[in-house]
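We did not get these values from a lab; they are worked out from the coordinates using the rules stated. Since this is a predicted model, take the numbers as computed values, not measurements. Note that we place each Cβ from the backbone using ideal geometry, even for glycine, and neighbour counts take in every protein chain shown.
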Amino acid sequence: MTTLSNHVPDPRLITAYAEHREGPLHRVNPWTKVGVVGALVLAVTVVDSLAVLAGLYAATLAVYGISGLPYGRLVYWYTLPLLFVVSVAGPLAFLEPGVPIGGALATPVGELSVTWAGASLFGELTCRSLTVATFALTTTMTTRYADIAYLLGRLLPRPVDQVALLTYRFTFVMIETLEDLVKGVLARGASLSEFWANRRTYARILGMTLLTAIERSERLVKSMEARGYDGDITLYGDVPRPPPRELFVVVACYAGVVLYGLVAVYGVVQL
């Protein structure tokens, strides 16, 4: 997004990396990537050790770099997940009991301090969020759109899959509309550097974007119906089954997560 914020993932750049780049992860079967995503989500849910979570995050970052994807963009794109982490885990870090780090901060409601347990909890939630976000970006930036559309059609029930496909395609139209509005506002001398001082301008841009989106979506529906659309986008493609070695990797990932949960978390199995 040349006009919009660099802190928002650009679907056009993501699609360009998926369609026109060639890296080690581009050659991995899409079903394998979906399986690893599920294992990773299960892992960050089960694991309660900061060291293990940090190791998973480091491994995910390494896979991102090996795939030939830009670390510079990733730093900016971390803004949204980090905002979620700070808004949720930030207050929990002050409320977690334990040995305080440094002194306490006096407030009208009492003394507040960050404990070692609170800092550890903040680190765990940060690693969980960034691990999943990083690998999700890695998967989408190394998988062609035709393969993603096929997987959505196989994994999601109707009409959820149709909504997902149409939403993805309409996203590009929305971005172009929003960029045109921002360019027009900047060309007339407005400044968008401070949100609160320009909140009326932001509200007008958002309102005009929604109105334009509704108008374009109505025209889109009419044009699709005129071309015979009956609620089903036909996908001409096929994603074969993963090779045996990739199936082994996926099974090993799930087995490792389950074994860790039984041994380290629940103590059901004694090694």
Expected vector for the range 198-203, Karplus 3J(HN,Hα) from phi with 6.51, -1.76, 1.60 and θ = phi - 60°, integer Hz, x for Gly and Pro, equals 10, 5, 5, 5, 4, 5
Once normalised by the length of the chain, the mean sequence separation of its alpha carbon contacts under 8 Å that are 6 or more apart gives a contact order in percent of 29 percent
MRE, 222 nm, helices only [DSSP H, n ≥ 4, -39500 (n - 2.57), over the chain, to nearest 500]: -22000 deg cm²/dmol
Karplus couplings for the range 145-159 from phi (6.51 cos²θ - 1.76 cosθ + 1.60, θ = phi - 60°), rounded to Hz, Gly and Pro as x? 4, 4, 5, 5, 4, 5, 5, 4, x, 8, 8, 9, x, 7, x
Match the structure shown to one of the listed values (i) 1.21; (ii) 0.95; (iii) 1.03 of Rg/Rh (Cα atoms, Kirkwood Rh), computed from it, and give that label. (iii)
Local net charge near Ala54, Cβ-Cβ under 15 Å (Lys/Arg +1, Asp/Glu -1): -1
Scoring only Lys, Arg, Asp and Glu (+1, +1, -1, -1) among other residues with Cβ under 13 Å from the Cβ of Glu124 yields -1
Counting only residues 5 or more apart in sequence or on a different chain, those whose built amide H sits under 5 Å from that of Val114 are Ile101
Local net charge near Pro70, Cβ-Cβ under 13 Å (Lys/Arg +1, Asp/Glu -1): +1
Go through the range 207-212 residue by residue and turn each phi into a ³J(HN,Hα) via Karplus (6.51, -1.76, 1.60, θ = phi - 60°); whole Hz please, and just put x for glycine and proline. x, 5, 5, 5, 5, 5
